[in-house]
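A short worksheet on the structure shown next.
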Amino acid sequence: MEKWADNKAWLLVLPVFVVVAFSAIIPLMTVVNYSLQDIFGPGNAVFVGTEWFKEMLTDTRLHDALGRQFLFSGLVLLIEIPLGILIALAMPKKGWGVSASLVTLAIPLLIPWNVIGTIWIIFTRPDIGLFGVGINSLGLLDVPFDHTARPSYAWVTLMAMEVWHWTPLVALLCYAGLRAIPEAYYQAAKIDGASSWAVFRYIQLPKMRGVLTIAVLLRWMDSFLIYAEPFALTGGGPGIMEAANRGAREAGGLSIGCNIRLPFEQKPNPYLDRFVEFEYFFVRKVMLVKYSQGFITMPGGFGTMDELFETLTLIQTRKVRPVPVILVGEAYWRRAFDPDFLVEEGVIDPEDRELFWYDETAQEIWDDINRWYARSGRTLIG
C-alpha cells in the first residue's frame, strides 16, 4: 500500500516567502506602480501608462549618458585588471611582507565614499593639491588643471580616483588565485627551463581565470553604480553659471562673469572673456543689478534666494529700473515660496506677482524676454 507523501515540511519555507515578499516583492511592485503614474503629491497622482518609459527610451541625453558609462567602465577595466595582476605578481610570497602588503592594499577599500571624494578634491586642487600643483607646474596645459574646469579634467580625476579605490580589490583576488596554484607547477616549469613569461602565460594566467572572471564581473557591475564619489568630487558637474558662460561664448557672444571669492567651490570658469572678482556679496549684487538686462533664476539655495529677493525688492520699491525676472522650474519655485500666500497675508500687493513669471525651456525664456522688452518699448541689447 502506497503512503501519501507528507509535504507539510514545505510550510517551514513559508516564513522565508513572507520575508522576501515584504522586503523585495512588495517594494518592487510599488516602484512599478509609481512608474506608471505622474505623482504631484500625497494622494494626487495621474495615470500615464508607459509614457515615462517611452520618454526614457527616446531621450538622447540618456543614450549619451549610457554611452559615456560604457566608455568609463571599459577604460577603468582596461587599467584595473592589468594593474591588479602586476601588483599581485609583485607582492611577496612569504614573510612579514605578505601581511604588510595585504593591509596596505585593503586601506582604500575601507575608506567611505564621501571621504574618498574629499581626499581627491584636496589632492587635485590647483592651489594646495599635490597632483594639481604638480601637473600645473609643468606648464603643459593651456588651461590650468582643475577637476571642475573641463570635462576632460573631470574624466581624468574620476578615472584616477576609481582606479586608486578599486584596483586593490583586483590585486587581492589575483593574489588569492596565485597562492592557490600548487608549488609542483612551478617546480616542473623550473625543471623545463621555462621563462618568467612562459610561467605567467601557461601556468599563472590560466589558473587565475576564475578569479579574473569574478574581478571583471564585480568591477563591471560596480562601475555602473558609481554616483556617490563623483557627486562628492564635482557636485554633479560644473555649475549653472559655467553653463551660461559657455553657451554665451559658443554662440559668439561676450561671456562676462561676476565671481565671488569663496573658500572652496567658487572660482572663475574657463569660458569667461571678462570677469570681475568680489570679496563681498553685496558689492557683487550691486554690479549685477546695475548692469543686468534680465534675471533668469535657476533652482538654488540661500545665495540664489538672497539675490532673487533683493532684486525683486529693488524693482518693487522702484530703486532700480524694471527688468524681466524669470524663475525656471515652476514646480520648484512654487514649493520654495508661495506668492499667493504672501498676498493673502497682506505682506505684498497683488500686482507684485507680476514682477516675475515662470518658464520651463530656453525657448520660452527667450521669447518671453523679447515680448517683455517689446511691450516696455526698450531695447534688449545696447
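Throughout, read-outs are computed from the coordinates displayed, never taken from laboratory work. On a predicted model such as this, the values are computed, not experimentally measured, just so you know. All Cβ positions, even for glycine, are placed from backbone atoms using ideal geometry, and neighbour counts span all protein chains on display.
Given +1 at the Cβ of Lys and Arg, -1 at the Cβ of Asp and Glu and no other charges, the dipole of the stretch 63-234 around its Cα centre is 660 debye to the nearest 20. Here the average projected area of the convex hull drawn through the C-alpha atoms of the stretch 28-81 stands at 5.7 nm².
Across all directions, the shadow cast by the convex hull of the stretch 265-305 built on its C-alpha atoms averages 3.8 square nanometres.
Rounded to the nearest 500 deg cm²/dmol, what is the calculated helix-only ellipticity per residue at 222 nm for the chain, with -39500 (n - 2.57) per DSSP H run of length n ≥ 4?
When only DSSP H runs of four or more count, the value is -18000 deg cm²/dmol.
Applying a DSSP loop filter and a limit of 16 other Cβ atoms within 10 Å to the trypsin sites (Lys or Arg not before Pro) in the stretch 288-347 leaves 318, 319. In the chain the Cα-Cα distances spread across 20 Å bins starting at 0 as 18, 39, 30, 11, 2, 0 percent of all pairs.
Here residue 216 and residue 51 are evaluated by their C-beta separation; at R0 = 56 Å the FRET efficiency comes out at 0.90. A Förster radius of 51 Å, combined with the Cβ-Cβ distance separating residue 140 from residue 29, puts the computed FRET efficiency at roughly 0.40. Fully extending the segment from residue 190 to residue 274 would add 23.3 nm, taking 0.36 nm per residue of separation and subtracting the current Cα-Cα distance.
Between rounded, prolate and oblate, where does the stretch 8-56 land on the alpha carbon gyration tensor, with a ≥ b ≥ c its root eigenvalues, rounded for a/c under 1.5, else prolate if a/b exceeds b/c? Since a/c reaches 1.5 and a/b is larger than b/c, the shape of the stretch 8-56 is classed as prolate. Between residue 342 and residue 198, residue separation times 0.36 nm minus the direct Cα-Cα distance comes to 43.9 nm.
Projecting the Cα atoms of 226, 136, 108 onto the charge dipole of the stretch 63-234, computed from C-beta unit charges around the Cα centre, puts 108 farthest toward the positive end.
Extending 7 Å from the Cα toward the beta-carbon at both residue 61 and residue 38 defines two label points whose distance is 1.7 nm.
Over the stretch 123-219, consider all pairs of different Cα atoms and compute the Kirkwood hydrodynamic radius from their mean reciprocal separation; express it in Å, one decimal.
Every distinct Cα pair counted, the radius reaches 16.6 Å.
In this structure, residue 302 and residue 127 have a Cβ-Cβ separation that, at R0 = 35 Å, corresponds to a calculated FRET efficiency of about 0.85. Which angle between 0 and 90 degrees, to the nearest 10, do you get for helix 281-291 versus the longest principal axis of the chain when only C-alpha atoms count? Long axis of 281-291 versus the principal axis of the chain: about 60 degrees.
Once each of the chymotrypsin sites (Phe, Trp or Tyr not before Pro) sitting in a DSSP loop with at most 14 other beta-carbon atoms within 10 Å is removed, the chain keeps 5-223 as its longest stretch.
Are there trypsin sites (Lys or Arg not before Pro) in the stretch 3-105 that DSSP marks as loop and that have at most 15 other Cβ atoms within 10 Å, and which are they?
The qualifying sites are 3, 93, 94.
With axes computed from alpha carbons, what is the tilt in degrees of helix 60-90 against the longest principal axis of the chain, rounded to the nearest 10 within 0 to 90? Roughly 40 degrees between the two axes. Normalised by 2.2 N^0.38 Å, with N the number of residues, the alpha-carbon radius of gyration of the stretch 291-382 equals 1.08. Over the stretch 63-234, the alpha carbon radius of gyration divided by the compact-protein estimate 2.2 N^0.38 Å works out to 1.22. Working from label points 7 Å from Cα in the Cα-to-Cβ sense, the residue 79 to residue 94 distance is 3.7 nm. A run of the chain free of exposed loop cleavage sites, with GluC sites (Glu not before Pro) counted only in DSSP states other than H, G, I, E and B and at most 11 other beta carbons within 10 Å, reaches its longest extent at 3-264.
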